[in-house]
Amino acid sequence: MFVSRTELKPVFIVGTPRSGTTLLYRTLLKHPSFKLPQLCLEETKIFMKPEISLISKQKPASLFNYMLQDDERYQEFLNSIKPEYTWQKIFFKTGFDRFFSEKPAFWFFLLNKRIVRKFFFYAKQARGCNRIVEKTPRHILKFNRIQSTFPNSKIIVTLRHPVDVFSSYKKRKQRDPDSNWLSISITDFIKRYRKMSTYVLELSDSENAICVKYEDFVKNPEKEFRQICNHINEPFISDLLYEGEKSLNDYKIDPLLSKPISPRAENWSDYLNGDQVSLIENNLQHEMEKFGYTSRLIDV
């Protein structure tokens with residue numbers, strides 16, 4: 001089966017974790033073009049993996065769940081990538097991967113572009129939607145893979161003030177203490193935010209990408225969502241912004257996801273002290289200036 005690089009025109013939501021990617025994703029999934037028979041906020045992480053077909057043979061939860069656990073479509077996907085699977089299996093048996101795994105061309109050499117196109121082809125059928133939208137924040141680190149695989153794709157990049165991002169980590173950790181990915185030190189967070197910011201700036205020059213500030217999206221959702229819809233070539237439907245999501249009423253980890261979009265009070269002081277805020281802002285001053293953010297300590 002052949003899936004051309006221009007046949008699908010998916011939308012990808014990327015950005016720093018805790019910057020509103022899920023809120024935007026939930027909103028777009030209400031749109032008739034992306035609507036599913038049942039809500040699914042699964043992240044595929046598919047562009048992060050160097051050997052997708054080998055992983056797919058193990059039916060990873062992220063891919064299977066994204067297909068709404070459709071066994072038939074998932075099996076069709078696996079059958080379609082048998083040539084790529086065979087090639088990858090032969091290559092990894094040689095042991096040469098340890099010499100090339102860090103090379104940018106390695107991902108393409110393993111025919112992963114073909115595999116990803118096939119995955120989203122079958123995922124679209126499994127999800128029963130008119131168009132694919134996918135959200136994995138860390139895909140921002142691999143946006144070159146997205147653009148190479150799907151030249152006609154649209155990318156939405158979310159931004160948020162670094163102090164609010166880090167305090168959101170702390171807030172979520174209190175509600176979800178068993179999630180190890182939330183246990184990030186302030187030093188590691190600064191490094192991660194700085195690294196992701198370089199990719200945000202790179203993407204800002206691409207006609208396929210649009211940058212959306214979390215703060216603007218919740219304060220003026222109609223204006224921001226209209227721009228997003230224009231960017232992805234979909235009709236603007238304002239009602240989507242003022243609908244809650246009943247299926248998330250019991251989602252205690254992030255109860256705001258069940259509610260309509262509205263301004264949220266920034267309460268970083270409940271989770272961080274002044275010294276921590278100063279450390280973040282002093283180290284990320286350049287990035288804050290680039291994105292138009294001012295200090296959170298000004299009004300304290």
Checklist entry - List, please: which pairs have Cβ atoms under 8 Å, are six or more places apart or on different chains, and start with a residue in the range 281-300 that is closer than 17 Å to Tyr199 by Cα and assigned by TED's automatic domain parsing to the domain that holds Glu215 and end with one that is in a loop (DSSP other than H, G, I, E, B) and of a type in the set (Val, Ile, Thr)? => result Met288/Thr294
Checklist entry - Lys45 fails exactly one of the following numbered conditions: (1) crowded, with 21+ Cβ neighbours inside 10 Å; (2) touching a residue at least 60 places away in the same chain (Cβ under 8 Å). What is the number of that condition? => result (1)
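So, Asn220, is that one surrounded by fewer than 19 Cβ atoms within 10 Å (Cβ to Cβ) and within 21 Å of the chain's Cα centre (by Cα) or not?
So Asn220 does not fit the description; no.
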Item to check | Enumeration of residues in the range 140-154 that are assigned to a helix (DSSP H, G or I), among the basic types (Lys, Arg) and under 25 Å from Thr27 (Cβ atoms) | outcome: Lys142
Item to check | Single residue of Leu240, Leu201, Leu256, Leu272 found to be at pLDDT below 95, in a helix (DSSP H, G or I) and buried (at least 17 other Cβ atoms within 10 Å of the Cβ) | outcome: Leu240
Item to check | Among the residues listed as Leu63, Leu54, the single one being within 28 Å of Asn208 (Cα to Cα) and either modelled with pLDDT under 95 or part of a loop (DSSP other than H, G, I, E, B) (or both) | outcome: Leu63
Checklist entry - Does Lys113 qualify as being outside the structural domain of Phe64 (by TED's automatic domain parsing), part of a helix (DSSP H, G or I), over 17 Å from the mean Cα position of the chain (by Cα) and at pLDDT 90 or above? => result no
Checklist entry - Out of curiosity, is Val277 part of a helix (DSSP H, G or I) and either surrounded by 13 or more Cβ atoms within 10 Å (Cβ to Cβ) or modelled with pLDDT under 80 (or both)? => result yes
Next on the checklist: Can you pull out every residue in the range 122-139 that is surrounded by fewer than 20 Cβ atoms within 10 Å (Cβ to Cβ) and part of a helix (DSSP H, G or I)?
Outcome noted: Lys124, Gln125, Arg138
Checklist entry - Can you tell which of Ser185, Ser153 is touching a helix residue (DSSP H, G or I) at 6+ places or on another chain (Cβ under 7 Å) and either under 22 Å from Val11 (Cβ atoms) or modelled with pLDDT under 95 (or both)? => result Ser153
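The values are calculated or read from the model by the stated rules, or taken from the named source; none is laboratory data. These numbers were taken from a predicted model, which means no experiment stands behind them. All Cβ positions, even for glycine, are placed from backbone atoms using ideal geometry, and neighbour counts span all protein chains on display.
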